[in-house]
Amino acid sequence: MRTFQGVDHAGIGVGDMDQALEFWSGKLGFTELFFDYTGPVPGLEEIAKTKGVKARIVMLGNKHTTRLGPGKVKLVQRLDGAGAPAYPAGIGYGEVGLAEVCLHTLHTEKIFRQLVDKDGCKSLMEPLSAAVGEQEIDLDIAYIADPWMGKVELIDWKGLWTARPAAPRIEGVNHVAFGVHDMKVTTDFYKQLGFTDQIFESTEFFGPMAPWYQVGRELPGHHMTLWLSGQGAGIEPVRLTPLWEDCRGEWGHVGPMDFGIGVQNIKKAVAEFQKMGIEMHSEIQSLDVGNSEFKYVYFKDPDDQYVSIVETSY
Ligand SMILES: [Fe+2]
């Protein structure tokens, strides 16, 4: 058993939970409820720079989750202060902070057409096909927006999962993408946490993303890599050239904003972190979420992203 079990969930800030559930459960199939918690969220004092974080947190799994779509989504509605913080100004793709959540999706184009033409979702990128990596792995991708314009990628890893035994469907989270200052520092760091299988590396600007950058801003260089772990969902660090402003935003901002790495035993995992010299943002926290506990602790990655380890028994 590995200590670190890949990305357990993508954390997504929402402005209104009913609207978020209509999108994530109603349209994208995240109908499996793990918990629905409202109350204080401790352990965020350093990250949120306030002691009074209060939120409603709904953890959802996808009804069609598979090995290529194993991750859950954690919807977070901040209830303290002025409510959900705004989407960070200046986000195009790849600035330091979370860039997207990606869902594995069999038959991307059919699903995209259903979501955009029938379900009223907004398109951020029309479906396209590509082949990546030394092994020319085939994939189809498309992007839609969540209700607050957060980026949701739909990917069909045709080259990794060549049989198509099922009807068109959305599965769970395949990876989260985030911007970094230094690709090597980040990838060396996350290799220690089990993200050792590189699926691709790209150093060319990905043209279909051009409309995402503000008018008047020079298009940046893109360096992207995608890493899977033996379990859980993967990570996609992105390095822009030149670097742009820090777009981590406030914790809980709408759109993709944090992620959690699964562990079986959080105390043992923290001991491993101590051995590796990785600092934590707080003690281990535990929320009473009804029939179980949600145990988590945020740690400091090289860019101080909002990233935690969570015990997967919730
Ligand atoms: Fe991606």
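Derived scalar couplings between HN and Hα for segment 91-103 equal 5, x, 5, x, 5, 4, x, 6, 9, 6, 10, 10, 10 Hz in order, rounded to whole Hz, by the Karplus curve 6.51 cos²θ - 1.76 cosθ + 1.60 (θ = phi - 60°), x for Gly and Pro. Estimated from helical segments only, the mean residue ellipticity of the chain at 222 nm is -3000 deg cm²/dmol, where each DSSP H run of four or more residues counts as -39500 (n - 2.57). Here segment 42-122 is described by how far its Cα atoms reach on the three principal axes: 45, 29, 24 Å, from widest to narrowest. Footprinting exposure proxy ranking of MET149, MET59, fewest other C-beta atoms within 10 angstrom first, gives MET149, MET59.
Close amide H pairs (under 5 Å, H built 1.01 Å from N) link LYS122 with ALA145, residues at least 5 positions away or on another chain.
The alpha-carbon atoms of segment 159-314, seen along their principal axes, cover 48, 43, 29 angstrom, with the largest extent given first. Legend: residue pairs LYS51/LYS72; LYS49/LYS275; LYS63/LYS151; LYS151/LYS191, Cα-Cα distance threshold 24 Å; pairs beyond threshold, LYS51/LYS72; LYS49/LYS275; LYS151/LYS191.
Put in order of Cβ neighbour count within 10 Å, fewest first, the listed residues PHE23, PHE206 become PHE206, PHE23. Each principal axis of the Cα cloud of the chain was evaluated for its coordinate range; sorted largest first, these ranges are 45, 45, 40 Å. Along the Cα-to-C-beta direction of ASP197, a point sits 7 Å from the Cα; which residues of segment 229-243 have their amide N less than 11 Å from that point? Flagged as within label range: 229-234. Over all pairs of different C-alpha atoms in segment 64-165, the reciprocal of the mean inverse distance, the Kirkwood hydrodynamic radius, equals 15.4 Å. Pairs over the 24 Å Cα-Cα cut-off, from the set LYS74/LYS122; LYS74/LYS158; LYS27/LYS74; LYS74/LYS110: LYS74/LYS158; LYS74/LYS110.
Neighbour counts of other Cβ atoms within 10 Å put ASP197, ASP156 in the fewest-to-most order ASP197, ASP156. At q = 0.10, 0.20, 0.21 Å⁻¹ the log10 of I(q)/I(0) for segment 111-235 amounts to -0.37, -1.43, -1.51, computed by Debye summation with a single uniform scatterer per C-alpha, solvent ignored.
FYI, it's all coordinate maths here, none of it is from the lab. Just so we're clear, the structure is a prediction, and the values are computed from it rather than from any experiment. Here Cβ is always computed from backbone atoms with ideal geometry, including for glycine, and neighbour counts include all displayed protein chains.
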